[in-house]
Amino acid sequence: MNRKFNGFIAKFSGLAAVAALALCACNEQKTEKAAAEQPAEQAVAQPAEQTAPSKSLVVFYSQNGATKTVAEIFQKERNADVFEISLVQPYPSTYDSTIAAVRDQRESKQWPALVNAKADLAKYDTVFLGYPIMFGSFAPPIYSFLDSNDLSGKVVVPFCTYGSGGRKASASELKTLAPNANVTLAYGISNKRVTAEGADSVVSAEVETFFANLAEGKTEEMLMGGYSEQRPLTAEDSAVFAAATKDYAYLGLKPLSVSTQVVAGTNFLFTCEMKAFGGPATQTNVKIFRPLPGRGEPELIVVEK
Ligand SMILES: Cc1cc2nc3c(=O)[nH]c(=O)nc-3n(C[C@H](O)[C@H](O)[C@H](O)COP(=O)(O)O)c2cc1C
């Protein structure tokens, strides 16, 4: 089932209306890789360490399945236990009514009741906490979870899926709400990329890199290393920008300057003026990845400050 998210205007805590950054969310559940692909002996012989009690827990909420796909990859990667947050009263099935319900919850701070409010966290050192971005930060069920569970002393690794962004903002809100937890670098990926055909291998590879960065203690600043200085756009930069943002017209993005980082392909960091949903102009950064020649089209990775 494909659902088109058309965008919305969000209000936060009585502040002026803020244009939020939802995008097309094509929430198709991925088909599990056939178990038959696994060699038979793998199913029988379990290495001792795989049967040892897990010290990590993946806690996640997912309305439409994108975050669940990433949660499953985290679970496999870390051999973690899983705790899926479920709502007593699930959100409505249409996008517009979900927007209305979430807006009400944010304005009233009446977070939704959970079927399973309390997780047994005592035996875990590390909690991977996954959520969709809604109105620029966590989906409301995460506030409910934080109200009922104490993450103090835990290593908390946030991960999220989004239309266009919200990874950094949500991770910094988590640090405020769980001040005694050790909140690490966060992982985030757009809905479009998680639900694309063949995404499983792309996401798995990205999650592995993310864990390598975590293990090396890399910070946001370190990940931004290796970018050139911002410079005026060339015709080639403009073409890359146009190709990667063609589905994001509602954000009203106008690139002003760019810097690049050579990886296996090229990362572009565009400084842009944004007029989301025709709202007031703000300045934002748009990260785009262009694969090596012949390996695919430029794609938008994230829009954020
Ligand atoms: C009510 C609502 C609000 C959203 N707000 C944002 C937002 O502020 N920024 C954003 O980038 N995406 C936003 N999105 C898009 C979701 O974050 C995205 O589709 C996500 O992948 C959904 O995850 P799920 O399939 O696990 O439910 C919003 C979606 C909904 C339904």
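The values are calculated or read from the model by the stated rules, or taken from the named source; none is laboratory data. Owing to the predicted nature of the structure, the values given are computational and were not obtained by experimental measurement. Cβ sites come from the backbone with ideal geometry, for glycine too, and all protein chains shown count toward neighbours. These area figures cover heavy atoms from the full protein model, side chains too; ligands, DNA and RNA do not enter into them. Shrake-Rupley method; radii C 1.70, N 1.55, O 1.52, S 1.80 Å.
State the number of residues belonging to segment 101-158 that are under 24 Å from S56 (Cα atoms) and within 11 Å of the ligand (Cβ to nearest atom).
9
Using the structure shown, decide if G198 is out of contact with any Lys or Arg (no Cβ under 9 Å at 6 or more places or on another chain), open to solvent by 40 Å² or more (accessible area, probe 1.4 Å) and either within 23 Å of V88 (Cα to Cα) or not hydroxyl-bearing (S, T, Y) (or both). Outline the logic, then answer.
Working: out of contact with any Lys or Arg (no Cβ under 9 Å at 6 or more places or on another chain): yes; open to solvent by 40 Å² or more (accessible area, probe 1.4 Å): yes; either within 23 Å of V88 (Cα to Cα) or not hydroxyl-bearing (S, T, Y) (or both): yes.
Taking the combined requirement at face value, the residue satisfies it.
Can you run down the residue pairs with Cβ atoms below 6 Å, 6 or more apart or on separate chains, where the first is in segment 62-85 and under 12 Å from F159 (Cα atoms) and the partner is part of a helix (DSSP H, G or I) and within 14 Å of the ligand (Cβ to nearest atom)?
S62/K68; A66/N191; A66/V194; T69/V194; I73/V203
Report the residue count in segment 159-178 for those that are more than 13 Å from the ligand (Cβ to nearest atom), of a type in the set (A, V, I, L, M, F, W, C) and surrounded by fewer than 24 Cβ atoms within 10 Å (Cβ to Cβ).
Looking only at that region, the number is 3.
Does any residue of segment 210-219 turn out to be open to solvent by 50 Å² or more (accessible area, probe 1.4 Å) and either touching a Gly at 6+ places or on another chain (Cβ under 8 Å) or within 16 Å of the ligand (Cβ to nearest atom) (or both)?
No, that holds for no residue.
So, restricting to helices (runs of 4 or more DSSP H) that lie completely within segment 93-183, which ones have at least 3 residues that are over 17 Å from the mean Cα position of the chain (by Cα)?
Ranges flagged: 95-108, 140-148.
Can you report the number of residues in segment 283-305 which are open to solvent by 60 Å² or more (accessible area, probe 1.4 Å) and touching a helix residue (DSSP H, G or I) at 6+ places or on another chain (Cβ under 8 Å)?
The number of residues fulfilling the criteria is 4.
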